[in-house]
Every structure is written in C-alpha cells, then in structure tokens.
Amino acid sequence: MAMALSNSVPSACIICLSASNQFDPPSSPFKSLKPPLFWPWQKVKMGPLTVSPMGFGTWAWGNQLLWGYQPSMDSQLQQVFNLAVENGINLFDTADSYGTGRLNGQSEKLLGKFIRGFQGEKRIRDEIVIATKFAAYPWRLTSGQFVQACRASRDRMQIEQIGIGQLHWSTANYAPPQELALWNGLVAMYEKGLVKAVGVSNYGPKQLVKIHDYLKARGVPLCSAQVQFSLLSIGEDQMEIKNICDSLDIRLISYSPLGLGMLTGKYTPSRLPQGPRGLLFKQILPGLKPLLVSLREIAEKRCKTIPQVAINWCISKGTIPIPGVKTVKQAEENLGALGWRLSSSELLQLDYAAQESPQRMIQNIFQTK
Ligand SMILES: NC(=O)c1ccc[n+]([C@@H]2O[C@H](COP(=O)([O-])OP(=O)(O)OC[C@H]3O[C@@H](n4cnc5c(N)ncnc54)[C@H](OP(=O)(O)O)[C@@H]3O)[C@@H](O)[C@H]2O)c1
C-alpha cells in the first residue's frame, strides 16, 4: 500500500497544484487506493534485473563511528525496510565492510533479517535486489578469496543468491597486481551462480572501460557502476562516467546523493552533526549557500522538500540514487523524491548553483582514473 507523504510537504504548501509535473502518475479513481510512486515502465533494467528508479543505502546500519548506529534502532530500521518495499523500492545497497568493530557485517545481517521478517506478498519479497560490495582488502589476493567473501556475505544475509555482487573499489591506484584477482573474483562468483549480476564501485572512466571489456571477453555482463554522484560532487569525471555507462549499457548508481546529509538543509555551520561528519561539514557547508538557496527555492515552489529535490536531481540525470536512511521519517520523505520530475529550467538552475558553489564534496580516496 502506498504511503501518505503529507509529513514531507512544507507547511506553506497547503494547496499545491503540481501542474508543471508531466510525469505525475494520475490519481486513482478509487479514493482508498493511493497511486503508486512510479509506474512499472519507470523501473530500470539493470542487466538481468529490474529495479526501482531509486534504492536505499544502508551504510549507517551498523556504523557507530560515523552514523551513530545503536542496536536499539533495529526495529525502526525494519519499519524503514518494510515501508520502502511496500512502496515499490526493491534495491538495497550494502557492503561486507559495513558495520564498525564487532558490528562488522551488521548491515548485511540486518537486511537478511528484514527480508525474512517482511510480511508482505512473497512475489514482492522475491523481487528484492540486494547489491553488496566486496572490499579489496590487501589479504584478498586470489579470485578464490573473493568467492569466499561472497559466500560469507550470502551466509550473513541467509539468502540463496545475491542480486548484484560489486567490487567496492579498485586497487589500480595503489596495488595494480591485485586488480586481476578482483576481476576474476567477479567472474568466478557469477559463473558459480552466487550472484545474479556484477557491478563495480569507485571505478573512474578509464578503469571502468577496462573492466567492462575484460568481463565482456569472459562472457560476464557488467550491469552497474556506483560512484559518488550528487549536486555536491558533480564534475567532468562524473559526466564522463555517465556517458561511458550509457554507451556500454551500464546503470549508474549514485551514492551519497544527499552529500552525507549536507544537501538536506538541516545542517548549518552552527548546527553540525556529531563526530567526524561534523569536521567535514565545517569545511564544506559555508561554501554551499548558493546551492542550498536554489534547492530551497525550488522545493518551496514545488511543494517538495530539499532532500526530495536533491534526490530527484540524481534521477533526472538518468542515475539511480541510493540515499542513506536511518528513520521512518527520512524514508517517507525520501520516497517523495519519486513520482515527479524537475523541469529542464530547474535542472539548469541547480546545475548552475552547484557550479558556482565554492565548495565540493571530497572525492573518495579509492576513486580511480
Ligand atoms: N561505494 C561506496 O564507496 C559508497 C560510499 C558511500 C556511500 N555508499 C552507499 O550510498 C548510500 C548513501 O550514501 P550515504 O549514506 O553516504 O549518504 P547520503 O545518502 O548522501 O546521506 C544519508 C544521510 O543523510 C541523512 N538523511 C537522509 N535522508 C534525510 C532526510 N530526508 N532528511 C534529513 N536527513 C536525511 C541521514 O543522516 P543523519 O540523520 O545522521 O544526518 C542519512 O544517513 C550509503 O548508505 C551506501 O549504501 C557507497
């Protein structure tokens, strides 16, 4: 059943005619039935899989250091998961390195538990796609070790087959000889049927073409490439990666679409999150004023919220964003990024504001050329 988004709409927008929205699904003739957030034809083909136009990221689920996770959050996280799935979201991103200290692997464990605890239709549960990432730890030196890692992830989640097995990062920058083991690891887990599809993360344009060609020669299609992609991290590299993805039929998954929270509008230089994020935000937030002003302007005009506009921008750029969510309120709000589209003039305004902003997000240290 589709959810109500009334909480997410700014109070100024009591009456809002979304006339500029040509993609809005028409409202249901039956009052009790809510329209879906997207139509079946708006789902995205990703190799052999079909996924929702947005997924949810689960880095925070198990991470105490950066995200302040506590096991007491688990029942709320199950509700987040249920709400997402009930509203058509079927893509969840995780990694075998997620979870700090003794909580290592917690994100995968929780996802597995939440799938088992999902009470809805079996058909819907069967369509859930878990995209996990395998860390290129220095001790993972053979393809067999990646197969082992994949089996360990599958065991933590207690699922038969993983949706997308992704390389978390490339070692090309600092340990080139290890790179072939990573690539062969993907081939082996695909050939053994441990994963339905394979993807990469933090691969730059050159390395992306190389791995694509290698996998193709081995008969393995590369279905997705995950990179940091948001109004805070858009640049020539991101656009080049997007163009390569389009020409090679690879889907681009945008991670950190909310700039770790900076593009939600809730943080200011005098209101920072606790922990390491606070230190980073302190450097970047003072330079984001023009961008946040544009986001707010468009959000108010559209009766949307700032995070909804920031996520919709990623969708409008032809990518699949995977915003991180910690609460039901955030999940509800982020679901409101679906079912409408920014106009081309709004996109231009945001692109310009992003370009003019003196600050950018720092690039992931593992991102390659
Ligand atoms: N491949 C990689 O190397 C890589 C790297 C990073 C992330 N990722 C993936 O991408 C996912 C998303 O990125 P991310 O988690 O780094 O950052 P993000 O999506 O840019 O930001 C997520 C954070 O913003 C806050 N938030 C989310 N929705 C909100 C809302 N509606 N209102 C107010 N605050 C909201 C929450 O934190 P607070 O409430 O604490 O502010 C949330 O944890 C990750 O979960 C992970 O799956 C992959």
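Quick rundown of the values:
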| quantity | calculated |
| --- | --- |
| Selection within segment 238-279 - acidic (Asp, Glu) and without any contact (Cβ under 8 Å) to a residue 60 or more places away in the chain | Glu240, Asp249 |
| Criterion: basic (Lys, Arg), assigned to a helix (DSSP H, G or I), in contact (Cβ under 8 Å) with a residue 24 or more places away in the chain and farther than 28 Å from Tyr352 by Cβ - qualifying residue of Lys206, Lys196, Lys216 | Lys206 |
| Ser72 being within 16 Å of the ligand (Cβ to nearest atom), in a helix (DSSP H, G or I) and surrounded by fewer than 17 Cβ atoms within 10 Å (Cβ to Cβ) | yes |
| Counted residues, segment 75-99 - those being within 11 Å of the ligand (Cβ to nearest atom) and either surrounded by fewer than 17 Cβ atoms within 10 Å (Cβ to Cβ) or in a loop (DSSP other than H, G, I, E, B) (or both) | 4 |
| The lone exception for Gly275 - which of (1) away from the ligand (no atom under 11 Å from the Cβ); (2) modelled with pLDDT under 95 it fails | (1) |
| From the options Pro323, Pro307, residue that is closer than 30 Å to Asn82 by Cβ, within 22 Å of the chain's Cα centre (by Cα) and without any contact (Cβ under 8 Å) to a residue 60 or more places away in the chain | Pro307 |
| Residue among Arg116, Arg102, Arg125 that alone is among the charged types (D, E, K, R), without any contact (Cβ under 8 Å) to a residue 12 or more places away in the chain and not in a loop (DSSP other than H, G, I, E, B) | Arg102 |
| Count of segment 218-265 residues which are within 15 Å of the ligand (Cβ to nearest atom), of a type in the set (A, V, I, L, M, F, W, C) and farther than 19 Å from Leu167 by Cβ | 7 |
| Of all residues in segment 317-369 being among the hydroxyl-bearing types (Ser, Thr, Tyr) and crowded, with 16+ Cβ neighbours inside 10 Å, the one that is farthest from Leu288 (Cα to Cα) | Thr368 |
| Residue count, segment 340-369 (criterion: within 16 Å of Ala310 (Cβ to Cβ), in a loop (DSSP other than H, G, I, E, B) and of a type outside the set (S, T, N, Q)) | 5 |
| Residues located in segment 229-254, provided they are under 19 Å from Leu291 (Cβ atoms) and either buried (at least 23 other Cβ atoms within 10 Å of the Cβ) or of a type in the set (Gly, Ala, Ser) (or both) | Phe229, Ser230, Leu231, Leu232, Ser233, Gly235, Ser254 |
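The values are calculated or read from the model by the stated rules, or taken from the named source; none is laboratory data. None of these values were measured; they are calculated from a predicted model. Neighbour counts run over all protein chains shown; Cβ positions are idealised from the backbone, glycine included.
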